[in-house]
Amino acid sequence: MSVEQEIRRLTAPDIRARKGGKPIVSLTSYHAHTARLLDKHCDFILVGDSLGMVMHGLESTLPVTLEMMILQGQAVMRGTIRALVVVDLPFGSYEASREQAFASAARVMKETGCGAIKLEGGTRMAETIAFLSQRGIPVMGHVGLTPQAINSLGSFRAQGRREEEWAAIEADAMAVAEAGAFALVLEAMAEPLAARISRSVAIPTIGIGASAACDGQILVLEDMLGLSPRVPKFVKRYAELGGAIEDAVASYALEVRSRAFPAESNVYHLAKSKPA
């Protein structure tokens with residue numbers, strides 16, 4: 001039996017069962033090679049619509065298409081054998097109706113083989129979340145700062161920094177949990193509110209700029225590796241690979257221009273003739 005066959009991939013119910021237990025580890029990935037590096041360390045990997053900004057240099061996530069998500073979801077699935085893979089539904093692919101959401105989610109799951117989808121929105125999306133959950137599609141919710149609603153929010157600002165905002169955000173979180181989501185992302189949220197929501201909902205909360213009291217954490221991989229030029233306040237850089245990559249490219253360019261590369265060890269020679 002191969003190693004791939006022996007390792008069981010984590011599922012949405014596995015993540016759901018981690019409420020109040022060992023913290024859940026997650027990062028984003030959009031490529032097979034980075035997914036392979038993350039697989040043994042992460043409980044779930046999110047193929048986020050942040051790929052629009054990280055991979056394509058877009059100003060927001062809004063232009064991301066379902067086809068883009070499927071293509072990168074397929075790549076991440078090929079690079080993993082253990083972690084649950086969750087794929088974002090992009091803006092415009094699920095908001096019109098619960099039937100539209102089901103068609104988009106079913107297509108993503110069929111064409112990528114992922115184990116769950118994620119969508120943004122609270123009370124307004126509760127009916128859709130219930131509809132999908134009842135039809136075999138595991139849903140991860142997302143409240144607080146919801147990047148797909150940036151034109152309505154006005155800016156990428158933290159949510160819940162005034163107590164008068166708490167009731168609406170708490171209602172969103174509760175609606176998502178009660179609708180059947182298996183986990184809930186809390187993004188850019190005042191720490192006391194995120195901690196309070198984590199205590200009150202029955203499903204795991206995944207913080208990104210929220211609270212250490214959440215049941216798990218997620219960051220954009222390129223942000224925490226120092227590959228993104230600008231990052232939100234909540235990001236901790238665990239490495240500075242951007243500078244290291246640029247230094248390597250500069251060294252390569254210098255050696256090519258001086259003809260130091262390729263060296264003798266980097267070229268192929270004629271095969272030796274076999275004796276008669």
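Quick check for you: which residues of the range 184-205 have the amide N under 19 Å from the point 7 Å beyond the Cα of residue 163 toward its beta carbon? Zone members listed by number: 189-200. When peptides 232-241, 159-168, 132-141 are ranked by their average number of other Cβ atoms within 10 Å per residue, the highest-first order is 132-141, 159-168, 232-241.
Which semi-axes, in whole Å and largest first, does the equivalent ellipsoid of the range 49-139 have when worked out from the alpha carbon gyration tensor as the square roots of 5 times its eigenvalues? Display every interim value, and only then the final one.
Values: eigenvalues 83, 60, 21 Å².
Largest first, the range 49-139 gives 20, 17, 10 Å.
Using R0 = 30 Å, the C-beta based FRET efficiency linking residue 106 and residue 58 works out to 0.70. Normalise the Debye intensity by I(0) for the range 185-276, one equal point scatterer per Cα, no solvent, then take log10 at q = 0.16, 0.18 Å⁻¹ and round to two decimals. Calculated log10 I(q)/I(0) at the listed q: -0.77, -0.86.
What relative contact order, as a whole-number percentage, does the chain give when Cα pairs under 8 Å and 6 or more residues apart are counted? Before the final figure, lay out the partial values.
Working: 506 pairs, mean separation 43.9, N = 276.
The normalised contact order for the chain reaches 16 percent.
Bridging of residue 236 to aspartates and glutamates at a Cα separation below 17 Å is possible for 187, 191, 222, 223, once same-chain residues fewer than 8 apart are set aside.
Calculated FRET efficiency, residue 135 and residue 7, Cβ-Cβ r, R0 25 Å, to nearest 0.05?
Numbers: r = 28 Å, r/R0 = 1.13.
Calculated transfer efficiency: 0.30.
Label sites at residue 127 and residue 65, each approximated as a point 7 angstrom past Cα along Cα to Cβ, lie 3.0 nm apart. When the trypsin sites (Lys or Arg not before Pro) in the range 1-106 are filtered for DSSP coil states and for at most 14 other beta-carbon atoms within 10 Å of their beta-carbon, the remaining sites are 8, 40.
The calculated FRET efficiency for the pair residue 241 and residue 14, based on their C-beta separation and a Förster distance of 51 Å, comes to about 0.95. Structure note, pairs 22/118; 22/110; 40/233: Cα-Cα distances above 25 angstrom occur for 22/110; 40/233.
Can you give the percent of C-alpha pairs in the chain whose distance is more than 30 Å? Walk me through the numbers before you get to the answer.
Working: 12604 of 37950 pairs.
When every Cα pair of the chain is considered, 33 percent fall beyond 30 Å.
Could you report the range 152-270's accessible area per residue, 1.4 Å probe, as an integer in Å²?
Working: 7130 Å² over 119 residues.
I get 60 Å² per residue for this part.
The values are calculated or read from the model by the stated rules, or taken from the named source; none is laboratory data. All values reported here derive from a predicted model rather than from experimental measurement. Don't worry about glycine lacking a Cβ; one is built from the backbone with ideal geometry, like all the others, and counts go over all protein chains shown. Note: accessible area is taken over every heavy atom of the protein model, side chains too, but ligands, DNA and RNA are not part of it. Shrake-Rupley method; radii C 1.70, N 1.55, O 1.52, S 1.80 Å.
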